[in-house]
Amino acid sequence: MKYSGLAQEFHQLLRSVDRVSAGQAAVCDWGEAPLTFGVHIVPRDGLYRNGRFTFKFSLHDQYPQYPPRVVCLTNIYHPNIDTVDEYEGEICLSLLDEWQPTFTLEDVIIGLLFLLYHPNLEEPLSPFFEPCMKYEEFAEKVHLSLQGGVVEDYVFQRNQVDEKEPVAMVTRSANQEPVAMVTRVTNQEPVAMVTRVANQEPVAMVTKVTNQEPVAMVTSVTNQEPVAIVKSKGREQCGRLDVLNLR
């Protein structure tokens, strides 16, 4: 693929990744020529719920004639992802093995989500697994691994995203002093909450406005009055915050 075609598909991915993944994936760590980039995935449900998993995409210079190379950078207890053996995060994903030039980067991200929601115990890649493992035993060990436990003599780092973890910080233009932070509220409206840094008092909430500009609305907690709007800003996924009224 020529650079123009690759750039077009990549920028399309930046615009669509939140929609196609139902808010569970985000693109990160890309350069001017996006032959290599990262994708964070945080499943909202299933055995891997609230774990954050980072995948590295490396595109062949003849992409899409050749599939992207995708590896997992996060240690994970998963039958079809090997991050603790010599395979350096190798992934067993049929879409990559049966690649067609008509497939897209969006398809790969959907495939990764499917792998996290539907691990295949019958054809394991990771040396931790035997095809005869019972699902109940597997589920218990996944939970233990996400909590930072020891599984099969391997110590996993705790991997649980706090649903109240700040996803953005609001700072004053004059001195960059933090005045508020945005925390995610999952699986519901509002999608995020703006709280004061000083005392964690809620001052505004963010509600999603889909398929149009603005893409989100920030309203006051006290009287539901709009105080800011979020507009998309090209390749910047987070958008632009246009302040309507600051009090």
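Could you tell me whether any residue of region 26-38 is surrounded by fewer than 16 Cβ atoms within 10 Å (Cβ to Cβ), at pLDDT 90 or above, under 29 Å from residue 162 (Cα atoms) and touching an Asp or Glu at 6+ places or on another chain (Cβ under 6 Å)? It would help to see each step written out before you state the result.
Looking only at region 26-38, we keep the residues that are surrounded by fewer than 16 Cβ atoms within 10 Å (Cβ to Cβ), and these are 28-29, 31-33, 36, 38.
Those still in the list that are at pLDDT 90 or above too: 28, 36, 38.
Retained after the next criterion (residues that are under 29 Å from residue 162 (Cα atoms)): 28, 36, 38.
Still in the list and also touching an Asp or Glu at 6+ places or on another chain (Cβ under 6 Å): 38.
Within region 26-38, one or more residues are surrounded by fewer than 16 Cβ atoms within 10 Å (Cβ to Cβ), at pLDDT 90 or above, under 29 Å from residue 162 (Cα atoms) and touching an Asp or Glu at 6+ places or on another chain (Cβ under 6 Å).
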Scope region 46-67; condition under 18 Å from the mean Cα position of the chain (by Cα) and within 21 Å of residue 36 (Cβ to Cβ); matching residues: 52, 53, 54, 55, 56, 57, 58
- prompt: What pairs come up if the first residue lies in region 56-80 and is without any contact (Cβ under 8 Å) to a residue 24 or more places away in the chain and under 16 Å from residue 111 (Cβ atoms), the second is open to solvent by less than 10 Å² (accessible area, probe 1.4 Å) and outside any loop (DSSP other than H, G, I, E, B), and their beta carbons are under 6 Å apart, counting only those six or more places apart or on different chains?
  reply: 72/55; 72/81
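For region 78-158, please list each of the helices (runs of 4 or more DSSP H) lying entirely inside it that holds at least 2 residues being farther than 16 Å from residue 55 by Cα, of a type in the set (Gly, Ala, Ser) and open to solvent by less than 50 Å² (accessible area, probe 1.4 Å). So that I can check it myself, show each step before the final result.
Values: elements: 94-97, 105-117, 135-146.
In region 78-158, 135-146 are the helices (runs of 4 or more DSSP H) which contain 2 or more residues that are farther than 16 Å from residue 55 by Cα, of a type in the set (Gly, Ala, Ser) and open to solvent by less than 50 Å² (accessible area, probe 1.4 Å).
Restricting region 50-85 to residues that are among the charged types (D, E, K, R) and within 20 Å of residue 145 (Cβ to Cβ), which is modelled with the lowest pLDDT?
Residues of region 50-85 that are among the charged types (D, E, K, R), as a first pass: 52, 56, 61, 69, 82, 85.
Applying the additional criterion that residues be within 20 Å of residue 145 (Cβ to Cβ) yields 52, 82, 85.
Details: 52: 97, 82: 92, 85: 62.
Only one residue tops the list, namely 85.
Can you tell me which residue in region 53-63 is farthest from residue 99 (Cα to Cα), limited to those that are out of contact with any helix residue (DSSP H, G or I) (no Cβ under 8 Å at 6 or more places or on another chain) and not in a strand (DSSP E or B)?
Of region 53-63, the ones out of contact with any helix residue (DSSP H, G or I) (no Cβ under 8 Å at 6 or more places or on another chain) are 54, 56, 58, 60-62.
Keeping just the survivors that are not in a strand (DSSP E or B) gives 60-62.
Details: 60: 13, 61: 16, 62: 13 Å.
Out of the qualifying residues, it is 61.
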query: Across region 89-126, what is the total count of residues that are over 20 Å from the mean Cα position of the chain (by Cα) and either among the charged types (D, E, K, R) or within 14 Å of residue 56 (Cα to Cα) (or both)?
result: 4
task: Out of 142, 151, report the one residue that is in contact with a Phe, Trp or Tyr (Cβ under 9 Å, 6 or more places away or on another chain) and closer than 26 Å to residue 20 by Cα.
output: 142
- prompt: Looking at region 13-43, which of its residues are within 10 Å of the chain's Cα centre (by Cα), assigned to a loop (DSSP other than H, G, I, E, B) and on the phi < 0 side of the Ramachandran plot?
  reply: 21, 24, 42, 43
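The values are calculated or read from the model by the stated rules, or taken from the named source; none is laboratory data. Treat the numbers as computed from the prediction; the structure is a model and nothing was measured. Reconstructed Cβ throughout: ideal geometry from the backbone, glycine too, with neighbour counts over all protein chains shown. Protein only, heavy atoms only, side chains kept; ligands, DNA and RNA dropped before computing areas. Shrake-Rupley method; radii C 1.70, N 1.55, O 1.52, S 1.80 Å.
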